[in-house]
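Written out below as structure tokens is the structure these notes cover.
Read-outs: derived from the displayed coordinates by stated rules, not from any lab. The shown structure was predicted, so the numbers you read here are calculated from the model rather than taken from an experiment. Using ideal geometry, Cβ is built from the backbone for each residue, glycine included, and neighbour counts are taken over all protein chains shown.
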Amino acid sequence: MVAVLTSRKAPTQAEFHAAISSRADRWYSACLKITRNTDLAQDAVQDALLSAWQKRHQFDHCSRLDTWIHRIAINAALQLLRKTRPGVFEPLSDEIAAPAPTPEHAHADAQLGETLAAALTHLSDIERVCFVLRHLEQWRLAEIADYIDGNVGTVKQAIFRAVKKLRTHMAALQREAL
């Protein structure tokens, strides 16, 4: 269920609850992909919800409430990331998919998750954000451009550079698959 606002006033508590119950997992997932830290992701979502509630009168009704909160959550995650990291990231073990039916698949999935987490640390903030929003969150290029206050060309460039760097850092997996 998507929270749809019925009036031009600030969102009500019921509308916030509806948005939270339907989208909180997506906000957490997005923050987790950006911060690669469960505690930071939880803090980012909590900060985003608090900020959204306190600034609910600023909601301009040009987008859905859950989309507005999603953007606030992404910003909160980036802000926490800037405050807490001096440039070093920890790989996220939670990012690995559910165990595969065979031990070989489980090992391959674990290796892929570790390699991807390590490779993501080599991306700049803009490359990581654009890559995560495009390929993991499935945002459209125009949405990402609006989000980063850039243009589609900038987003395409950042994604291209991110993919190129990820291919370089993950080349060992490709050689092993052959």
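Would you mind checking the pairs Lys83/Lys165; Lys9/Lys156; Lys33/Lys55; Lys55/Lys164; Lys33/Lys164 and listing those with alpha carbons more than 28 angstrom apart?
Values: Lys83/Lys165 25 Å; Lys9/Lys156 37 Å; Lys33/Lys55 25 Å; Lys55/Lys164 39 Å; Lys33/Lys164 19 Å.
Too far apart for the 28 Å limit: Lys9/Lys156; Lys55/Lys164.
Please compute the modelled spin-label separation between Ala24 and Asn75, points set 7 Å along Cα→Cβ, answer in nm with one decimal. Each label point lies 7 Å from its Cα, and together they span 2.2 nm. Computed over the stretch 13-84, the range of Cα coordinates on each principal axis works out to 31, 21, 18 Å, biggest value leading. When each of the peptides 44-50, 65-71 is scored by how many other beta carbons lie within 10 Å of its residues on average, the order from highest to lowest is 65-71, 44-50.
Annotation: the residues Val163, Val129, sorted from fewest to most other C-beta atoms within 10 Å of their own C-beta, follow the order Val163, Val129.
For the stretch 99-177, the convex hull drawn through the C-alpha positions has a volume of 92 cubic angstrom per residue. If you plug the beta carbon distance of Asp109 and Trp53 into 1/(1 + (r/R0)^6) with R0 = 35 Å, you get a FRET efficiency near 0.40. For the stretch 43-63 versus the stretch 116-174, the inter-centroid distance based on Cα atoms is 26 Å.
Toward the positive end of the charge dipole of the stretch 28-75, about the Cα centre and with charges on Cβ (Lys, Arg +1; Asp, Glu -1), which of Leu49, Ile72, Asn37 goes farthest? Farthest towards the positive pole: Ile72.
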